[in-house]
Structures are given as C-alpha cells and as structure tokens.
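Since the structure comes first, as structure tokens, the remarks are kept for the end.
Every number in this text was worked out from the coordinates using simple rules, so none of it is lab data. Keep in mind that this is a model prediction, so the values were computed, not measured. Heads up, the Cβs are rebuilt from the backbone with ideal geometry, glycines too, and the neighbour counts pull from every protein chain shown.
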Amino acid sequence: MSTYEDLGVQQGPNSTLVSYLNKLIWLLTGNFAKPGAMHPHSWVVPLAHYDTNPRRTPVTGARMPGGLVPCNVIAEEILTDHPDRFRAMIIESSNPAHSLADSAAFSKALAALDLIVVIDIALTETGRQADYVLPAASQFEKWEATFFSVEFPRNTFHLRAPLLDPLPGTLPEPEIHARLIRELGGAPRVPLTVLRTAARLGRTPFKLAFAALAALDKKLLGMAPYLLYETLGPTLPGSARSASVLWALAQRIAASYPAAMRRAGHTDADALFDAMLTQRSGVTFTQDEHADAWNYVPHPGHRIPLPIPELLDLVTALDSTPAHHTTPEFPIVLAAGQRRAFTANTIFRDTTWRKRDPHGTLRISPHDAERLGLTDGAPARITTARGTAEATVEIDDRMQAGHAALPNGFGLDLPTGDGGTERTGVALNTLTDLHWRDPIAGTPWHKHVPARIEPLPA
C-alpha cells in the first residue's frame with residue numbers, strides 16, 4: 001500500500017480534507033508500520049513541529065500548521081493598524097513578491113513594512129522592493145546540504161563542498177547572519193570565549209562546555225548555529241566552517257534515534273558528525289525498522305487519533321458544497337503553475353536555459369479551443385477575478401475539457417544588457433487571489449483558478 005500526495009491535491013479545493021481522507025485510507029486498512037506499508041521517518045532536522053494545539057497568527061488568528069505562518073495570510077497580517085501586525089521581514093532565498101498568491105496585494109504589504117532585508121543570490125522582484133539586499137554566494141560556491149528523507153529504511157544526508165570561489169561581494173548565509181549578530185550587539189561574550197577555548201581542547205571538552213552553558217542559560221540554544229559557527233567552525237577541516245551546525249544535529253540524532261543511528265554504523269554523535277563532514281557521496285545517518293514508525297507518532301501512547309471533528313464536518317458539508325467554483329463569467333479551471341520539461345519554480349534566471357516552450361504557452365483542450373475560437377500558436381487573453389495576462393495557445397489533447405494550464409517559473413523581471421528588465425511569459429500570481437485558499441491550512445488553490453479565455457487578434 002503506497003500513496004503519494006503532491007500539488008494537484010495540495011493546491012486544489014478541499015486540500016486539507018483530501019489529505020486527511022488519503023491518510024485514513026491506509027490507516028483504516030492497517031497499512032502502517034509494516035513491510036510494504038506507510039511509515040514516517042527519523043529526521044536530520046524536522047521541517048516543522050507537530051502540535052495538537054497549533055499557534056495562531058496575531059492579527060487574523062489563522063492556524064499555524066507545524067508552527068509556520070501560512071503564506072496567504074502574510075499580507076493580511078501587515079495591512080492593518082493592529083498593534084501586533086508584522087512590521088519587518090527578513091526574506092532569505094525566496095521571492096514572495098512574485099511567488100506568493102496575489103502579487104499586487106503582497107507588493108502593497110511589502111510597501112507598508114518598516115524594514116525589509118533580502119538575502120539572495122539574485123536581485124529578484126522582492127529584492128527590488130527591499131531596504132537592504134545582502135548578496136549570497138550561489139549553491140556551487142558554498143557548503144550546501146540535502147536531507148530529503150524519502151527512502152525507507154535508510155535516511156541519507158549529503159553535504160556538498162563548494163566547487164568554485166564565491167563572486168566578489170557575496171558571502172555564504174552563515175557568515176551574513178554572523179555579521180548581523182555581531183553588528184547588532186547580540187554576540188554573548190562569555191559563552192563565546194569559553195566555547196572557543198573548549199573547541200581548541202577537543203570535542204569532549206567542547207561538548208561539556210556547551211552543555212554547561214546551555215544549562216545555565218537556555219536562551220543560548222536559540223543561538224546555537226551562531227555559537228557553533230564562531231567557535232567550533234574555525235576548527236573544522238577543509239574550511240567547512242558553515243557546516244558546524246551539523247555538530248548540534250548529530251547530537252540531536254544520537255539522543256532521539258540512538259538505535260537507528262547505530263544500525264546505520266555510527267557509534268556516537270561525534271562519529272556521525274565526522275561521517276557527515278568527510279563522506280562526500282553522502283551518509284546514511286539512521287536506519288529505521290518498521291516498528292520504529294510507532295515511536296515517531298507524537299500522541300500519548302503512540303496512538304493515532306483518527307476522528308478529527310472539524311474535518312469530518314467538512315465531509316458532511318460536501319453534500320451542500322458545489323462540485324467546483326467556476327461561474328458563467330469565469331468558466332475555465334486554470335492550473336496556475338504546471339510543471340513542464342524546462343520549468344523550475346523561479347530558479348531559471350536565464351531564458352536561454354529553456355530548450356522547449358521558451359515563452360510558456362497556455363495549454364488548452366481541443367474541445368475548448370474549438371468552442372472558444374482559439375487556434376494553435378495564436379495569442380489569447382486570460383482573465384481572472386484579480387487580473388489579466390496574454391499567452392500563446394498550445395492545443396493539447398491531454399487537457400480535459402474545461403481546464404487550461406500555464407507553466408510555473410515564468411514572468412520574472414530579468415535584467416537586460418542595457419540595465420533594464422525584460423519579462424518572458426506570464427507572472428502567474430498577477431492572476432491569483434490570496435483569499436482563494438483552503439479554510440483550514442490557508443493553502444492557495446493555484447491548481448483551480450476560475451478564468452475566462454478569449455482569442456486576441458494575431
């Protein structure tokens with residue numbers, strides 16, 4: 001029994017409900033924690049934290065699944081006179097002015113902030129609206145890591161060394177953050193002095209010193225990445241200072257998954273840390289067994305509570321909910337972001353990299369093309385409740401009637417040789433609405449945007 005859920009479900013109507021029903025299928029049929037079934041993994045570092053009583057945002061009261069603010073409520077958390085509104089943002093390696101729903105609303109929100117600091121490798125649409133842009137080195141010019149735990153039972157981690165020297169004026173993110181902390185006066189002098197001395201004496205003295213300081217002041221744990229970068233980092237071989245945070249992650253893995261870590265061949269946290277630093281092809285950090293899956297269930301007694309009243313109420317409400325949200329004014333379901341051979345979110349910043357579909361066509365079914373008077377290769381106008389755009393039509397018999405699709409990764413304002421910018425394709429979030437979202441998790445319904453499509457003169 002195996003299921004895999006992706007954006008078609010996660011960015012469509014009833015997305016949280018469908019995710020819940022999906023999991024009920026394999027839970028109710030007993031397909032959990034046994035060979036050939038479903039199972040959670042151990043983690044290098046959790047991307048989110050589970051909580052049965054999730055926090056809520058200060059202005060709108062939106063749920064924060066996993067402790068994260070839903071992107072679609074950020075503008076509403078800013079565009080208000082509420083005393084607890086968001087007033088500043090540090091935006092790192094993301095481009096929300098382009099990539100989040102309803103670009104017009106989000107740009108208005110950015111303009112209302114008191115301070116915006118962007119850390120990125122390119123001057124993006126968001127960077128152009130920032131007060132400060134701190135240029136980072138690219139992925140090939142710094143230490144990077146991959147830790148997607150999707151291959152049971154072995155969980156792998158891959159630390160990649162830099163291949164090239166950074167461009168002048170750029171820095172790796174750990175150095176950028178360290179300089180910010182130093183300049184803002186946030187560096188704790190005594191802990192830094194103690195830990196630097198301990199690091200020169202060896203791993204065991206360092207671990208004892210770190211544990212003692214953390215026991216005296218638990219706030220230091222929140223500064224662990226910085227403290228490790230400044231103290232343990234300079235002692236690491238091969239200029240791997242940016243990888244110093246792995247020491248803390250290795251300690252956490254050893255404490256959380258000791259048996260799974262030993263099954264993977266590591267005697268203790270230091271052995272795992274050394275393997276992470278030196279095994280260039282990647283390292284298996286834990287090896288799970290099927291029974292471990294029950295230990296990863298965070299509820300009391302490691303039991304899974306199946307009924308979630310709020311979601312069961314949504315099931316009941318389906319009988320009175322329209323099957324779709326199109327209208328006579330907007331009769332087409334537009335997938336605002338389709339994966340294609342040469343699309344990759346917004347990391348393609350050179351249009352010559354696209355060997356096919358260089359302008360991002362509007363794909364539509366033969367049935368709708370005939371009904372709407374659209375011809376292959378001709379221009380068309382797409383209109384939604386939030387905006388309009390133009391694209392070239394591509395008639396595709398894989399599209400269902402009533403559905404159309406535009407690719408992701410287009411519509412970026414890329415620099416030209418004369419100092420200006422040039423846009424290729426549709427910036428999808430000029431068409432999307434931040435209120436068009438899941439009522440539980442706030443997920444945008446990008447795969448189900450009501451639209452109207454009309455032919456344009458060639």
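Just rank Leu201, Leu79, fewest to most, by other beta-carbon atoms within 10 angstrom.
Numbers: Leu201 11, Leu79 17.
Least crowded to most crowded, the residues run Leu201, Leu79.
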Exercise for the section: Name the lysines eligible as straight-distance cross-link partners of Lys108: C-alpha to C-alpha under 25 Å, and not fewer than 8 places from it in the same chain. Expected result: Lys447
Problem - Cα coordinate range in region 290-366, projected on the principal axes (Å, largest first) - result: 56, 41, 21
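Can you give the Rg to Rh ratio for region 324-455, taking only C-alpha atoms and Rh from Kirkwood?
Values: Rg = 14.9 Å, Rh = 15.3 Å.
Expressed as Rg/Rh, it is 0.98.
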Problem - Leading residue at positive end of dipole, the chain (Cβ point charges), from Thr16, Thr421, Ala111 - result: Thr16
Practice task
Averaging sequence separations of C-alpha pairs under 8 Å and six or more residues apart, then dividing by the length of the chain, give the relative contact order as a whole percent.
Solution key: 18
Problem - Charge dipole of region 324-455 about the Cα centre (unit charges at C-beta), most positive-ward option of Ala385, Ala344, Ile395 - result: Ala344
Exercise for the section: Compute the distance in nm between two label points, each set 7 Å from the Cα along the Cα-to-Cβ direction, one at Asp418 and one at Lys207. Expected result: 6.4
Handout entry: Per-selection Kirkwood Rh - region 185-341 (Cα, Å, 1 d.p.)
Key = 20.2
Exercise for the section: Please report Rg over Rh for region 136-215, where both radii come from the alpha carbon positions and Rh follows the Kirkwood definition. Expected result: 1.08
Practice task
Return the percentage of antiparallel bridges among DSSP beta bridges fully within region 324-455, rounded to the nearest 5 %.
Solution key: 65
Completion exercise
Here the residues of region 415-451 lying in the modelled label zone of Leu21, meaning backbone nitrogen under 20 Å from a point 7 Å along Cα-to-Cβ, are 437-449
Problem - Order of Val393, Val190, Val118 under a 10 Å beta carbon neighbour criterion, fewest first - result: Val190, Val393, Val118
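With only alpha-carbon atoms in the gyration tensor, what are the semi-axes of the equivalent ellipsoid for region 85-125, in Å, largest first? Before the final figure, lay out each step's value.
Working: eigenvalues 50, 38, 11 Å².
So the equivalent ellipsoid measures 16, 14, 7 Å along its semi-axes.
What does the helix-only formula give at 222 nm for the chain: each DSSP H stretch with n ≥ 4 adding -39500 (n - 2.57), the total divided by the residues, and the result rounded to the nearest 500 deg cm²/dmol? Numbers along the way, then the final one.
Details: 15 runs with 131 residues, N = 458.
Mean residue ellipticity at 222 nm (helix-derived): -8000 deg cm²/dmol.
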Practice task
Would you work out which of Pro331, Pro444, Phe410 lies farthest towards the positive end of the dipole of region 324-455, given +1 charges on the beta-carbon of Lys and Arg and -1 on that of Asp and Glu, about the Cα centre?
Solution key: Pro444
Practice task
Treat every Asp and Glu Cβ in region 7-295 as -1 and every Lys and Arg Cβ as +1, leave all other atoms uncharged, and give the resulting dipole magnitude about the Cα centre to the nearest 20 debye.
Solution key: 740
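Only Lys, Arg, Asp and Glu count, each charged at its Cβ (+1, +1, -1, -1), so figure out the dipole size of region 138-211 about its Cα centre, rounded to 20 debye.
Details: 10 positive and 7 negative charges, 104 e Å.
Dipole of region 138-211, to the nearest 20 debye: 500 debye.
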Exercise for the section: Would you mind calculating the gained length between Leu7 and Leu192 on full extension (0.36 nm times residue separation, minus the Cα-Cα distance), in nm to one decimal? Expected result: 62.2 nm
Fill in the blank from the handout: In nm, the gap between the two label points placed 7 Å beyond Cα toward Cβ at Thr278 and Trp353 is 3.5
Handout entry: Under 5 Å, built H, 5+ apart or other chain: amide partners of Met38
Key = Phe32, Ala33
Handout entry: Stretch gain in nm, segment Ala122-Leu68, where the contour uses 0.36 nm per residue and the Cα spacing is subtracted
Key = 16.9 nm
Exercise for the section: May I ask you to compute the full-extension gain from Ala255 to Thr375, defined as 0.36 nm times their residue separation minus their alpha-carbon distance, rounded to one decimal in nm? Expected result: 37.0 nm
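How much of the pair distance distribution for the chain lies past 36 Å, counting alpha-carbon pairs only, in percent?
For the chain, the fraction of Cα-Cα distances above 36 Å is 41 percent.
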Completion exercise
Once Lys and Arg are counted +1 and Asp and Glu -1 for all other residues with Cβ under 14 Å from that of Pro205, the total becomes +3
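With +1 on each Lys and Arg Cβ and -1 on each Asp and Glu Cβ, and nothing else charged, work out how big the dipole of region 324-455 is about its Cα centre, in Debye to the nearest 20.
That gives region 324-455 a dipole magnitude of about 340 debye.
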Exercise for the section: Measure off 7 Å from each Cα along the Cα-to-Cβ vector at Arg160 and Asp51, then give the distance between these two points in nanometres to one decimal. Expected result: 3.3
